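Notes to accompany the following structure.
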Amino acid sequence: MIPPRIILLAGADGFLGRTCIDHFQERGWQVRVFSRRERPDFPPGVEVHRWDGRTAGPWVAALEGVEAVVNLSGRSVNCRYHARNRRKIRESRVASTSVLGAAIAAARQPPRTWINASSATIYRHAEDRAMDEANGEIGTGFSVEVCRAWEAAQKAAATPRTRKVRLRTSMVLGWGGNSVYQVVRRLARWGLGGQSGPGSQFVSWIHVADFCRAVEFLIGSELEGAVNVTAPYPVTNDYLMRTLRRMLGRSIGLPAPRWLLEIGAVVLRTETELVLKSRRVIPARLLQAGFDFRHPTLPESVAALEVERPPG
Ligand SMILES: NC(=O)c1ccc[n+]([C@@H]2O[C@H](COP(=O)([O-])OP(=O)(O)OC[C@H]3O[C@@H](n4cnc5c(N)ncnc54)[C@H](OP(=O)(O)O)[C@@H]3O)[C@@H](O)[C@H]2O)c1
């Protein structure tokens, strides 16, 4: 009998981790996870190894013989960016990446592939043209600095037997946790689904099923380095909100001018950058490598998400 392929997911308790667990289990993979939780309620069959995301421990042994490691660890960015949160956002990503890199470097039988999360927000605010991996310009500011440090931590790891991929993921649309899709959908349903700020800012997005499929595709490919994980057709914020209103049958959608967003962000303990930064990013390397998006366009993706809506 052929032994099952083993994937190890770090930071698996979040929105993407949970969805990846289901995706890979359904396809017959054996799933191991690294989690900081005491009593995690992962699905049956998942092998859980406790770690703190910072220091080596008995968990390192679980890396032996796995085909791929996918590190999704990081404190949520949906918070106010004051000094303490900035430190946690940065450290949780850099420390988990560094400790994982050291463990992979020391493994007797290291994974063939190490995929580490990063973000499409690493590119500059762009309305003028699309950013791909070759011609994209790296931006400035706190979120960009986090991505640079995060990516640098993976690059610095000396893992000659392991192929390294940096996932520059855009906004992932799906159900679970308090995902972005659920938040914008709720706004649209309440009649608050007008444009945010100017509305001309671009939103790069990907359906969560394509996110998981892209991870699986990358494991089977020879690609290394930065890969934009985003649907091929970014849209403007205005188009996104119009599409949601149309799909949800809401004719009215009050717009949210910048000043209102600033107040709302303080009340909701979040940052306006998450909606106002223009992320116009395209997946050139995935397309060149032959990745076939199941949900390439936004209206079709929203229609699919509505069909997939969990009960309750
Ligand atoms: N969702 C998106 O649209 C999106 C887009 C671009 C990039 N990303 C990146 O992809 C990764 C996964 O996204 P997600 O939406 O699944 O995030 P999430 O729901 O916030 O989950 C992240 C996971 O990281 C672990 N974690 C949290 N705080 C940590 C800390 N202080 N130290 C170490 N680990 C910590 C937790 O897992 P345990 O409790 O099991 O340890 C948590 O469940 C994140 O790094 C995120 O920045 C996400």
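The values are calculated or read from the model by the stated rules, or taken from the named source; none is laboratory data. Values in this document were obtained by computation on a predicted structure and should not be read as measured data. Here the Cβ positions follow ideal geometry from the backbone for every residue, glycine too, while neighbour counts run over all protein chains shown. Heavy atoms of the whole protein, side chains included, go into the accessibility calculation; ligands, DNA and RNA do not. Shrake-Rupley method; radii C 1.70, N 1.55, O 1.52, S 1.80 Å.
Local charge sum around Tyr123 (other residues, Cβ-Cβ under 15 Å, Lys/Arg +1, Asp/Glu -1)?
Working: positive: Arg124, Arg129, Arg148, Arg166, Arg168, Lys277, Arg279, Arg280, Arg285; negative: Glu127, Asp128, Asp132, Glu133, Glu137, Glu145, Glu151, Glu273.
Taking every Cβ under 15 Å from that of Tyr123, the sum is +1.
Would you rank His125, His82 by solvent-accessible area, highest first, keeping every protein chain in place and using a 1.4 Å probe? Before the final figure, lay out the partial values.
Working: His125 95, His82 75 Å².
Output order, biggest surface exposure first: His125, His82.
Viscosity 1.306 mPa s, temperature 10 °C: what is the translational diffusion coefficient of region 143-242 from Stokes-Einstein with a Kirkwood Rh over Cα pairs, rounded to a whole number of µm²/s?
On the way: Rh = 15.7 Å.
Translational diffusion coefficient: 101 µm²/s.
If the cut-off is a Cα-Cα distance under 27 Å, which lysines reach Lys164, setting aside same-chain residues fewer than 8 apart in sequence?
Cα-Cα hits under 27 Å: Lys88, Lys155.
Starting from the Cα gyration tensor of region 1-145, take the square roots of the eigenvalues, sort them a ≥ b ≥ c, and report rounded, prolate or oblate (rounded when a/c is under 1.5, otherwise prolate if a/b is larger than b/c, else oblate). Write out the running numbers ahead of the final one.
Working: a/c = 1.86, a/b = 1.56, b/c = 1.19.
It is prolate, given that a/c is not under 1.5 and a/b is the larger ratio.
What net charge do the residues around Ala303 carry, taking every other residue with its C-beta under 15 Å from that of Ala303, with Lys and Arg at +1 and Asp and Glu at -1? The partial results should precede the final answer.
Values: positive: Arg185, Arg242, Arg245, Arg246, Arg294, Arg309; negative: Asp210, Glu300, Glu306, Glu308.
Computed value for this residue: +2.
Give me the three principal axis extents of region 104-187 from the C-alpha atoms, as integers in angstrom, largest value leading.
Per principal axis, max minus min of the Cα coordinates gives 51, 32, 21 Å.
Quick one: give the max-minus-min coordinate of the C-alpha atoms of the chain along each principal axis, largest first, in Å.
Principal extents (largest minus smallest coordinate, Cα): 59, 42, 41 Å.
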